[in-house]
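Some notes on the structure that comes next.
The values are calculated or read from the model by the stated rules, or taken from the named source; none is laboratory data. Predicted, not measured: the structure shown is a model, and the values here were computed from it. Heads up, the Cβs are rebuilt from the backbone with ideal geometry, glycines too, and the neighbour counts pull from every protein chain shown.
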């Protein structure tokens, strides 16, 4: 069975088979999620946020429970471990460098108004 995954804030979507990891779905959709460990839940770089528990994403794995601990309660998951089981929307954090550039550009735009 195939399911649609939406990646926020970009709004990019893809349709993938049930059981595919969110990381694999992101690659198919052209959404960059950084990782160094090749999906082994050891680098913790591929964190995403799930909007709700009934989002169509699998329950946390033992590796996620161990690595993320209390962050799981706020919806944080590892995209290399979370599997798509139904229609889902996930939030991919903004790259820190891009966020810094965006904030600087916003500040400059505000200053230009004065």
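Here are the numbers for this structure:
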| quantity | calculated |
| --- | --- |
| Residue within the stretch 81-93 that is surrounded by fewer than 19 Cβ atoms within 10 Å (Cβ to Cβ) and free of Cβ contacts under 8 Å to residues at least 40 places away in the same chain present | no |
| Residue in the stretch 103-114 that is assigned to a loop (DSSP other than H, G, I, E, B) and closer than 30 Å to residue 19 by Cα present | no |
| Among (1) surrounded by fewer than 18 Cβ atoms within 10 Å (Cβ to Cβ); (2) at negative phi, the one test that residue 60 misses | (1) |
| Count of residues meeting criterion [modelled with pLDDT under 95, touching a helix residue (DSSP H, G or I) at 6+ places or on another chain (Cβ under 8 Å) and part of a loop (DSSP other than H, G, I, E, B)] in the stretch 61-86 | 0 |
| Residue ID - nearest to residue 62 (Cα to Cα), chosen from residues in the stretch 28-43 that are without any contact (Cβ under 8 Å) to a residue 60 or more places away in the chain and surrounded by 15 or more Cβ atoms within 10 Å (Cβ to Cβ) | 41 |
| Condition met for residue 25 (at pLDDT 95 or above and either surrounded by 15 or more Cβ atoms within 10 Å (Cβ to Cβ) or not in a loop (DSSP other than H, G, I, E, B) (or both)) | yes |
| Test: residue in the stretch 1-13 that is at pLDDT 95 or above, assigned to a loop (DSSP other than H, G, I, E, B) and surrounded by 12 or more Cβ atoms within 10 Å (Cβ to Cβ) | no |
| Of residues in the stretch 44-67 being over 16 Å from residue 5 (Cβ atoms) and touching a residue at least 24 places away in the same chain (Cβ under 8 Å), the one farthest from the chain's Cα centre (by Cα) | 67 |
